[in-house]
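A quick write-up on the structure given underneath.
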Ligand code: FES
């Protein structure tokens, strides 16, 4: 339903079927990865290197949305790849809206048109998250693999034209981190209500390209200072989120806010994952959403229970006062760096393997000393 000013009608106060009291833990958010297809080829993309083929049909996704709402999900993030490449996106947003779910479109902005964003807004889309690569157009285009920068500026203007709240997301790496302040100014100029400045998380292609992406310690120190300056300059008008660099941390990030605790991911091929990189973990027994109800997968499947809670934790996590704050860090990072997803994330300086990260940081210093293939 569209009200007179072109904005969508508010969701129904009492969604069809009514609310039932959800069981704990409740997954507040669902990342719906509609496709891995994408016009961009960003060097830091976290998508799997070799995604399994195929995509869910529209009716599968509509059923997933219904089941997600029954499970207690409040927010659905339509993501990818590039979700605008799915011709059924408006229908999915409309269903999410009818169910009372808050819907967020995570997009590169490249395929966005006035007609596309207009129909999504009319269908009830609540929010758009747009990525930008750099303040320097040539450097940004080189990382994206096509002339993306100008298209992104147009996409931001379209989002604002329809009055949708806009988050601008920037992945920081060795090639752009020295322009953090200019990038933030650009995002604010594009009309961002919220700005995410996130150091690269090393999964998928970012893991493959980590030698070129890792910033040096000097770059990080300058970035932390620049981020503080950005908050000072724009923080009263724009919500600014600065995500610290993992490999230089002393405490691990609370990945996904705990395994099987607050969020789930549905991959394009229907696999339901506790995080977007979990498909790489050996023996996880990922269940296809066409083979079982989402509630069973969330509460009862071995994959979601493998690292849920604290019983699985090794030392030093099991006796740590922060075990229910950081949940032992990231399982995928433990697997990638140590070959065992059940170990403490080496980003924690209490991990006996913390030195692995020092080795990677030292490598970044060596790589910085030679000419890079990425524009700086
Ligand atoms: Fe998989 Fe952190 S990305 S647990």
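The values are calculated or read from the model by the stated rules, or taken from the named source; none is laboratory data. What you see is a predicted model; the values in this text were computed from it and never measured. Ideal geometry is used to build each Cβ from the backbone, glycine not excepted, and the neighbour counts take in all protein chains shown.
For the reader, a short list of remarks on this structure follows.
- Selection of first residues in the stretch 141-154 that are free of Cβ contacts under 8 Å to residues at least 60 places away in the same chain and of second residues that are in a loop (DSSP other than H, G, I, E, B), restricted to Cβ pairs under 6 Å at least 6 apart or on distinct chains, gives the following pairs, ordered by first then second residue: 141/147; 141/148; 151/110; 152/109.
- Among all residues of the stretch 124-136, there is none that is crowded, with 19+ Cβ neighbours inside 10 Å and assigned to a helix (DSSP H, G or I).
- Residue that is modelled with the lowest pLDDT, among those in the stretch 236-259 that are assigned to a loop (DSSP other than H, G, I, E, B) and more than 10 Å from the ligand (Cβ to nearest atom): 249
- Any hit, the stretch 329-339, residues being over 30 Å from residue 182 (Cβ atoms), free of Cβ contacts under 8 Å to residues at least 12 places away in the same chain and either exposed (fewer than 14 other Cβ atoms within 10 Å of the Cβ) or more than 25 Å from the chain's Cα centre (by Cα) (or both): yes
Matching residues to (1) within 16 Å of the ligand (Cβ to nearest atom); (2) in a helix (DSSP H, G or I); (3) within 22 Å of residue 137 (Cβ to Cβ); (4) in contact (Cβ under 8 Å) with a residue 40 or more places away in the chain:
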position	(1), (2), (3), (4)
180	no, yes, yes, yes
186	no, yes, yes, yes
197	no, no, yes, yes
221	no, yes, no, no
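- For the stretch 303-340, the set of residues classified as within 16 Å of the ligand (Cβ to nearest atom) and outside any loop (DSSP other than H, G, I, E, B) consists of 303, 304, 305, 317, 331, 332, 333, 334, 335, 336, 337, 338, listed by residue number.
- Taken over the stretch 270-289, the residue count meeting the criterion of being over 16 Å from the mean Cα position of the chain (by Cα), within 13 Å of the ligand (Cβ to nearest atom) and assigned to a loop (DSSP other than H, G, I, E, B) is 3.
- Qualifying residue in the stretch 185-193 (condition: closer than 28 Å to residue 255 by Cβ and either surrounded by 21 or more Cβ atoms within 10 Å (Cβ to Cβ) or in contact with a helix residue (DSSP H, G or I) (Cβ under 6 Å, 6 or more places away or on another chain) (or both)): yes
- Between 264, 213, the distinction of being away from the ligand (no atom under 16 Å from the Cβ) and buried (at least 21 other Cβ atoms within 10 Å of the Cβ) belongs to 213 only.
- Subset of the stretch 308-328 (residues that are touching a residue at least 40 places away in the same chain (Cβ under 8 Å) and within 16 Å of residue 250 (Cβ to Cβ)): 322, 325, 326, 328
- Filtered residue count, the stretch 228-237, keeping only those that are touching a helix residue (DSSP H, G or I) at 6+ places or on another chain (Cβ under 7 Å) and surrounded by fewer than 20 Cβ atoms within 10 Å (Cβ to Cβ): 2
- The lone criterion from (1) surrounded by fewer than 23 Cβ atoms within 10 Å (Cβ to Cβ); (2) under 19 Å from residue 44 (Cα atoms) left unmet by residue 225 is number (2).
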